[in-house]
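First comes the structure, then the notes that go with it.
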Amino acid sequence: MIYSIGLIELNSIASGIEVADIMLKTAEVELVFAGTICPGKYAALVTGEVAAVENSVQTGLKTGGEMVVDHFVLAMVHEAVIPALSGTSKVERLQALGVIETFSIASSIVAADTAAKAAAVELIEIRLGTGIGGKSFVTMTGEVAAVQAAVDAGTVSVREKGMLVYKTVIPSPDPKLGKALL
């Protein structure tokens, strides 16, 4: 069971590797992901009990300093976030489609968690910054009103941090698009 997750995104690969190492040495956390993302950024994602993740991320932030692009700690992460991150969501039918596009992967994951907690939507995918210029996006589906509420809720903190690229809700996406997304 995942208690919480924490991520630090950096604009230096060398600094990112150093931060990932110190995050793992600081507290009893498990490494979910550590690696490069476009363009030349690095991210480290850990999981564990809330206090351990918070401690790990705080130490990583001190080590990363000015190289930190974005970060988060999500206590009690929504159960749909991890499958959406790993591309293993079990969404079978596309209803209304919501998309939140961000400048950082950290912001996209936070937006997805907030959206999933705000309304009855299914997360389709959280696409991380590899191959898309370091940006990230989350896709979700559900009834139109739920998707609109989820997208609105998910973009609040992203917009406040200046990380929102674009958001959209498509009430009735073409079935051919659905095949490409699911």
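The values are calculated or read from the model by the stated rules, or taken from the named source; none is laboratory data. Nothing here was measured: the structure is a model prediction, and the numbers come from that model. Here Cβ is always computed from backbone atoms with ideal geometry, including for glycine, and neighbour counts include all displayed protein chains.
Overview of values
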quantity	calculated
Counted residues, the stretch 33-50 - those being within 14 Å of Leu74 (Cβ to Cβ) and either not in a strand (DSSP E or B) or not assigned by TED's automatic domain parsing to the domain that holds Val19 (or both)	2
Sole exception among (1) buried (at least 24 other Cβ atoms within 10 Å of the Cβ); (2) under 30 Å from Lys25 (Cα atoms) for Lys41, by number	(1)
Criterion (touching a Ser or Thr at 6+ places or on another chain (Cβ under 7 Å) and of a type outside the set (Val, Ile, Thr)) met by exactly one of Glu28, Glu54, Glu18	Glu18
Some residue of the stretch 13-25 being crowded, with 23+ Cβ neighbours inside 10 Å and under 16 Å from the mean Cα position of the chain (by Cα)	no
Subset tally (residues that are surrounded by fewer than 19 Cβ atoms within 10 Å (Cβ to Cβ) and touching a strand residue (DSSP E or B) at 6+ places or on another chain (Cβ under 8 Å)) for the stretch 50-71	3
Test: residue in the stretch 105-119 that is outside any helix (DSSP H, G or I) and not polar (S, T, N, Q)	yes
Filter result for Ser157 (among the hydroxyl-bearing types (Ser, Thr, Tyr), surrounded by 17 or more Cβ atoms within 10 Å (Cβ to Cβ) and not in a strand (DSSP E or B))	no
Residue within the stretch 29-36 that is among the aliphatic types (A, V, I, L, M), within 26 Å of Met140 (Cβ to Cβ) and either in contact with a strand residue (DSSP E or B) (Cβ under 9 Å, 6 or more places away or on another chain) or at pLDDT 95 or above (or both) present	yes
Residue count for the stretch 125-138, restricted to those that are without any contact (Cβ under 8 Å) to a residue 60 or more places away in the chain and either surrounded by 24 or more Cβ atoms within 10 Å (Cβ to Cβ) or over 17 Å from Gln95 (Cα atoms) (or both)	6
Residues located in the stretch 130-152, provided they are of a type in the set (Gly, Ala, Ser), in contact with a Lys or Arg (Cβ under 8 Å, 6 or more places away or on another chain) and not in a strand (DSSP E or B)	Gly134
Conditions (1) in a strand (DSSP E or B); (2) more than 12 Å from Ile5 (Cβ to Cβ): number failed by Asn55	(1)
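Yes/no per residue for (1) in contact (Cβ under 8 Å) with a residue 12 or more places away in the chain; (2) β-branched (Val, Ile, Thr); (3) more than 21 Å from Glu125 (Cβ to Cβ):
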residue	(1), (2), (3)
Val53	yes, yes, yes
Thr59	yes, yes, yes
Val91	yes, yes, no
Ala96	yes, no, no
